[in-house]
Structures are given as C-alpha cells and as structure tokens.
C-alpha cells in the first residue's frame, strides 16, 4: 500500500485511491464541489487543487492517484491563491440568493466563500440570465446558481440509469437541462436536490419550508417498501418537513427513491385517524372479547395483522392472541414477492432498488409470528369469517377489503361480523365497516425495529410525538391484555425485545438500545444458505432468490 505525506502528516492509502479520497479517509479536508464518493470523477470545479512536490503545476486532488513517497501540500500560499481565483470565477454569474435559497446552511459554495471569497466582486459586467424551465413536479431548477459541476448529469446517467439531463452549449452559455426541454421522469429525481452542492436543483416539496440550522435531524427508516432505506428525518416545531437519504452500504448506499421521500405526506394526510370511535374503545373491545372467552369461544375470535407493523408490535399482538385470548386464528396479510437482486449492486437503481413489496416489515412480522407458534393464511381466516365460524375480528394495520379486492365478498363478510375492531393510522375501507376504530401511530411516531427483505434488522426511531390519541400498536395490544386481566408490564420496546430475543430464532441479539445504525443480519438457515451461495441460480450468479451479498 502506498504511503504519502499530506501537509506534513504521513498516511497510508489504498492502491488506486485518489489524493482526495485518501485525505478525506484520514480526516484531512480538501475543498471540493464536483466530487461525490458515489459518482464517476469529473474534475470540473477545480476547487480541490493541490501542490505536489516536484510537479511544476497544481493538480486536482480528485483526479490524481496516490503514489508511494508523494508529498502533497493542500494549504500552501500557491494553493490558497488558486482556490480564491477558482472561487471568484465560479461566483461570476452566481446571484446573491443565500437569504432565499433552500440550500442555505448546507451549501458548500457558501462555506467556501467564508474561507476563500473576496469582500467585493471585481466582475462589473452583466450576469448571465436564463429562462425559467419546468423540469418536473419534484425538482425546481435555477440555472443562475449552477456551477456546472455535472453531479446531476452523472447521477441520472450512471446511477439512476436515465440520461435525462445534459450540458449544452459552450463556455459562457453552458446550460444544464433536460433533452428537448422534457420533464425529468426518473423515480429517483429527488436525489438531485441532495447531490447538487449549491441551490441550482432543489426539492419542490421542501421549497421555502425550513432552514437546516433550525430543524432537528433524526436518523430513522423509510417505511415505503421492504428495503427499509436509511434516512434522515428533519423536523421543526412538531412538523416533519423532509426526508433525506442516510448512508448504509448494505441497504441503500446513500440514495432514496421519490416515493420514499414522499412518505412524510402521510403523517398529516386528510384521512389520518386521530381519535378512537369512542373514548372507552379499548374497554369496550375487551368486554366483547371477554364475552367470547366466558363462553369458551376463543376460536371464534381472530386477529389479522399487517406487515406495516414493527417487530415489537407483531410480537405483542401475537402474544395477545396466543396467551391472552387463546385463539389460533392469527393471520398475516400477504406480501408481494420480488425475484430481482436485493443489492446493493452496480446496476441502475430502477433494476433493483424499489421493491415490489410495499410493506416495510413482511420478513420481520413473519419471523416473529413463526417464533411464537406460527400464523394462519389470511385467505383461510377470511374464509372462516365468510362461513360464520369467526364472529369477532381484530385488524391491526391492514385492509383486507383492498388487499383482496378481487373477492367482492370480503366486505360483506366483515360487515356481518358481530364485532370488528380496526387499529390503523389512516381511514380505509375496513375502518368504514368497523364497530370500533382505534388510532395507530405512523412509523415516524414510534420506536421499534424492522427486518428488511434481505434479513437485515434495523432501528426505527420516533421523530414526532404521536398525533391525537394515536399510539404504537403494541401499546394498544397491551391495553387490551391488561383489561383481560393479563399482567403485562412493557414500558418500552426494549422490554419487548428481551422476550423476542428469548423466544424467536435468529433474534437473540435483538436489543433496541444497543442496535447500531447499520443494523445486523438475522442469522437463520435461509440467510446462511444465501450467504453460502446455495440459492444462486445456475448460469446467472446475479440472480439470487434471497440475496444478502451486501455483507460479503
């Protein structure tokens, strides 16, 4: 491995690394604008100029590979003067928009101006003006702020697999825009607002809503599909204003799809359920269940779960069914299967990123229920409802009327039940048929864990207080259990995790408080086979039934 010296500090770099990569890896910061660790190197901005001993001209750190014995200077007088000149050039056409720019507080150009900028501009000519161009419903473009770093072009071309932006014209007239002035259609276009180092491309959904230094930033998970992307949730005065991608090489690299970015819209949606049908809804539900238990008709009651629940929710509901009510009628709503590689891979994002299963925790809920006695088929449970065998049903987070839309008899069957209680965060067709509706907290309003499609267990953090009288499903299950004389005493998800670790195979290491951001891979026979390559299809090493290659 080559050794080099940067500003008097000797470091060891990996073969093939650039000077910029080696410096950043060892905590030595070199200014840069066009470089992005996940994108192909372009060398456009020239802010990363460095001086190398025995090399007459300054070189760009992002495009210069390390060599053994190399001596680099990043803060010499020659380098500082060059950076000032480059920055002055970049600012020639840049407007003084900082007070109204959404990138303010996160803008590298703004930061570099404090360090290398002049007090006054020497440019007296008229600045470039550009026509307003609508580039789609998600991204707002302001070419006056663009520094032609081409990050956006490289992201769409090399990562998103949709070459929708290009650099047209030359020199003073160079413009970044879509081909033939068409709108950007990529499902990953909101990442452009995150890869743009200035305020040229910003999110329409976050426009003029908040300042980064005023918002609270919390790491959590996207609940939009079974990938469970890591993300940062930005809140201000009790409102969730935006999501941005958080880095996790085993799950989503550092990207987040447009539907994932927009999951925050559901928190304050018009169909949000904020209060129960009646104030004593839990007591009333417990009374209905008690009546069946007194008649030894526990098997005439059933519970249907959704995979939108956390592992802790699923365990508590399963425990309610098995230990308190004593029913075997416990079912999980079905999830879509996906035979594409889970990744991360080098393929374009549309080929693997967004999963077909739109439930965030199908794998986890199935694991939990299997560990405490298993679960029935949802269709079989609904057949029992239709036949009259089941007379009472509790639904947690699911809507069988929509899930089984091909069966028009489902709604009629639910309507004929003696008792139907639905616990959900939003109004559904099932809540419209229910005798009692109890509000549930959204994934942004509760702590817990999800297990993604590849078997990675990760931490979900609450970023908001539950709206109205909503609460996590495990608290509703516990309230029901206590009204049925069970002595449950769960104070937090950590208490539930202790029981899960003791009862559910593969979850022995589950500890919410100790779980790191990158998560842990659940050790099961299924995962071990996948890691050993036993699930690979012959002749196609990239096609895996249950790929977990991200840890290899």
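Coordinate-derived values only; no laboratory data. Not measured: the values here are computed from a predicted model. Note that we place each Cβ from the backbone using ideal geometry, even for glycine, and neighbour counts take in every protein chain shown.
Table for the structure above
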| read-out | value |
| --- | --- |
| Theoretical gain in end-to-end length, residue 469 to residue 77 [0.36 nm per residue, Cα-Cα removed] | 134.9 nm |
| Cα-based helix-to-principal-axis angle, 378-387 vs the chain, degrees rounded to 10 | 30 degrees |
| Sequence ranges 192-199, 460-467, ranked by mean other-Cβ count within 10 angstrom, highest first | 192-199, 460-467 |
| Global geometry of segment 180-247, whether rounded, prolate or oblate, following the gyration tensor of its Cα atoms and the 1.5 cut on a/c | oblate |
| Residue 494 paired with residue 389, simple spin-label distance in nm, labels 7 Å along Cα-to-beta-carbon | 4.4 nm |
| The chain: relative contact order in percent, alpha carbon pairs under 8 Å with at least 6 residues between | 11 percent |
| Gained length - residue 268 relative to residue 172, 0.36 nm times residue gap less alpha-carbon distance | 30.0 nm |
| Label-point gap, in nm, between residue 356 and residue 514 - each point 7 angstrom along Cα→Cβ | 3.8 nm |
| Approximate spin-label separation residue 204-residue 130, in nm, with each point projected 7 Å along Cα-to-Cβ | 1.7 nm |
| Gap separating the Cα centres of segment 42-102 and segment 388-432, nearest whole Å | 63 Å |
| Anisotropy class of segment 7-107 from Cα gyration tensor, a/c 1.5 cut | prolate |
| Packing rank of 232-238, 306-312, where each peptide gets the mean count of other beta carbons within 10 Å, highest leading | 306-312, 232-238 |
| Answer label for P(r) over Cα pairs in 20 Å bins from 0, in percent (calculated), chosen among [x] 19, 46, 23, 10, 2, 0; [y] 20, 53, 25, 2; [z] 19, 45, 27, 9, 0 | [z] |
| Those residues of segment 311-336 whose amide nitrogen sits under 14 Å from the label point placed on residue 299, 7 Å along Cα→Cβ | 326-330 |
| Rounded, prolate or oblate (a/c below 1.5 giving rounded, otherwise prolate when a/b exceeds b/c) for segment 50-160 by Cα gyration tensor | oblate |
| Gained length - residue 163 relative to residue 278, 0.36 nm times residue gap less alpha-carbon distance | 36.0 nm |
| Tilt relative to the chain, helix 493-503 - C-alpha long axis, 0 to 90 degrees, to 10 | 70 degrees |
| Packing-based ranking, highest mean first, of 166-172, 289-295, 469-475 given that Cβ atoms within 10 Å are counted | 469-475, 289-295, 166-172 |
| The chain: angle of helix 473-483 to the longest principal axis, Cα-based, in degrees nearest 10 | 30 degrees |
| Paramagnetic reach from residue 236 (point 7 Å along Cα→Cβ, amide N under 15 Å) across segment 105-128 | 105-107 |
| Segment 70-189: relative contact order as a whole-number percent, Cα under 8 Å and 6+ apart | 21 percent |
| Label-zone membership for segment 42-58, site residue 88, 7 angstrom Cα→C-beta point, backbone N under 20 Å | 45-51, 58 |
